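J.: Have a look at this one.
Any read-out appearing in this document is the output of simple, stated calculations on the displayed coordinates, not a laboratory observation. Small disclaimer: the values here were computed from a predicted structure and weren't measured. Neighbour counts run over all protein chains shown; Cβ positions are idealised from the backbone, glycine included.
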Amino acid sequence: MLPVLPFQEFIARHALFTKQKKVLAAVSGGKDSVLLAHLLKSSGFDFAIAHCNFQLRGAEAKRDQDFTSNLADQLQVPFFLTEFNTNAYAAKNHISTQMAARELRYNWFEKICAEENFDVIALAHHQNDSVETILLNLTRGTGIAGMHGILSKNGKLVRPMLFLSRENIDEICAEEKLDFVEDSSNASVKYARNKIRLEVVPKLKELNPNLEKTFEQNLEHFRQLEQLLENQLQHLRDTVFIRQKLELRIRISDLKNLNPQKLLLFGLLREFNFSEQIVNDLLLSLEKHSGKIFESPSHQLVLDRTEIIIQPKKTPIKEVLLIAENQNEVNFQGFKLKLLHDETALIVKNNPMATSVAAEKLIFPLTLRNWQAGDYFFPLGMQNKQKLSDFFIHQKVPLHQKSVIPVLVNGNQEIIWIAGYRLDDRYKVQKGTKKVIIFELSNQII
């Protein structure tokens with residue numbers, strides 16, 4: 001007898017979907033997905049069958065396609081079919097065949113849902129799939145999230161057969177005399193999951209015949225621990241994150257108070273795609289490497305003296321702006337630079353955002369740009385030249401900020417002013433200076 005009532009109870013208990021929702025059932029033709037289709041039909045749900053032909057198994061793939069089409073006719077439900085050149089997709093995207101099939105499959109399911117207004121995508125995973133997923137994750141290395149197994153609901157994806165084991169499904173299909181097709185690749189141990197299913201799980205079941213039930217109980221504990229950790233991480237995000245426009249800062253003193261430190265810091269940085277190894281390196285660098293930069297695929301983290309600073313990666317901007325003598329104002333990467341001509345030898349004091357320059361020493365057009373490796377100048381009050389990189393270190397300018405500081409350059413390629421920081425001594429107003437140009441920087445966004 002089909003387990004219709006337990007099926008419906010599982011769906012209701014986990015709020016997977018209701019009879020008012022449209023369900024797209026992924027059916028390969030194997031016994032798991034065939035049973036899913038029959039349970040959906042017997043329960044009175046509004047559903048359709050979707051089948052992918054990945055063109056990987058020749059005549060066998062065509063057999064599966066015809067079988068699922070006939071099953072849809074038998075159950076009198078709509079049928080969706082697609083064919084993929086999986087090998088070509090894998091080669092083009094430099095991924096494994098299994099990963100290619102997964103991407104193609106789920107992208108197509110999402111497309112059907114959008115076009116045909118399906119609410120959920122039903123998959124036929126069962127308890128053994130969850131056990132195999134955990135063992136696979138443990139083999140490859142995992143955090144707590146890898147221990148919760150396969151979730152019954154994840155966005156549009158729902159798995160209403162997680163209350164059944166593989167043995168349960170075998171027995172039901174035999175009793176109900178349900179037709180299905182076998183995928184010959186399931187018997188190959190060249191795939192890691194198959195190796196676990198065919199070689200590892202049977203050994204574990206010798207130690208514990210009720211392995212699936214035991215794992216299901218453990219999974220519930222792991223899911224609760226995961227929720228507990230997430231609650232703590234959310235509390236920490238609310239208390240230790242200092243948000244400033246696109247930047248996010250965390251005081252190093254707060255990092256040192258985390259307990260357990262590595263676990264919680266990894267959880268906080270996970271949303272910015274920092275790996276566990278980077279977290280390890282960061283913790284080792286807290287006491288001795290101020291200014292060190294760590295990068296994830298999407299973000300940059302700067303270890304400053306008292307804080308870590310996280311910001312999205314930026315494409316380096318190499319803008320060069322020419323300034324003509326008759327211009328009074330220019331805009332440069334979020335800054336506004338004003339040029340004020342004065343017929344006196346006026347000296348601007350106590351304002352790092354403005355400076356007076358001896359007009360007769362300027363060669364137009366001037367250039368406004370970012371600093372470059374090898375740049376040097378003669379800081380005001382000094383007779384010796386200094387590299388800008390050293391100047392920034394002495395001024396304790398964070399590494400992520402120095403790349404956006406405007407540098408004013410004369411027509412002879414000498415640096416005139418590190419805008420907002422220091423004038424070059426060669427361009428200061430001296431006794432005998434008759435005219436000056438005052439440069440004033442505003443709208444600083446760093």
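J.: For the ranges 8-15, 361-368, what's the packing order if you count other beta-carbon atoms within 10 Å of each residue, average per peptide, and put the highest first? Don't skip to the answer; put the middle values down first.
T.: On the way: 8-15: 14.9, 361-368: 17.8.
For the peptides 8-15, 361-368, the packing ranking is 361-368, 8-15.
J.: Here is a further query. How would the range 250-316 be classified by its alpha-carbon gyration tensor: rounded, prolate or oblate, with rounded meaning a/c under 1.5 and the a/b versus b/c comparison settling the rest? Mind showing how you got there, number by number?
T.: Numbers: a/c = 1.81, a/b = 1.27, b/c = 1.43.
Note, shape of the range 250-316 comes out oblate.
J.: Just SER28, SER389, SER130 to compare: in a GNM of the chain, with alpha carbon springs under 10 Å, which one fluctuates most?
T.: Most flexible of the set in this elastic network: SER389.
J.: In addition: Quick one: Cα centre-to-centre distance for the range 233-304 and the range 6-46, in angstrom?
T.: Going from one Cα centre to the other spans 43 Å.
J.: Over the C-alpha atoms of the chain, what are the Rg and the largest Cα-to-Cα span, Dmax, in Å?
T.: Final numbers for Rg and Dmax: 32.6, 107 Å.
J.: What nm distance separates the two modelled labels at LEU178 and LYS19, each placed 7 Å from Cα along Cα→Cβ?
T.: Taking the simple label geometry, LEU178 and LYS19 are separated by 2.1 nm.
J.: Could you check which residue among ASN328, ASN370, ASN128 shows the biggest mean-square fluctuation in a GNM of the chain with a 10 Å Cα cutoff?
T.: The residue with the greatest mean-square fluctuation here is ASN328.
J.: Report the gain in length on full extension from ALA114 to ASN326: 0.36 nm times residue separation, minus Cα-Cα distance, nm rounded to one decimal. Walk me through the intermediate numbers first.
T.: Details: separation 212, 0.36 × 212 = 76.32 nm, distance 5.77 nm.
Using 0.36 nm per residue and subtracting the Cα-Cα distance, I get 70.5 nm.
J.: Bin all alpha-carbon pair distances of the range 41-177 at 10 Å intervals from 0 and give each bin's fraction as a whole percent.
T.: 10, 30, 42, 17, 1
J.: What residue among GLN311, GLN227, GLN20 has the largest mean-square fluctuation in a Gaussian network model of the chain, using Cα springs under 10 Å?
T.: Highest fluctuation of the listed residues: GLN20.
J.: Right, another one. Quick one: length gained pulling ASP66 to THR97 fully straight, 0.36 nm per residue minus the C-alpha distance?
T.: Numbers: separation 31, 0.36 × 31 = 11.16 nm, distance 2.29 nm.
Using 0.36 nm per residue and subtracting the Cα-Cα distance, I get 8.9 nm.
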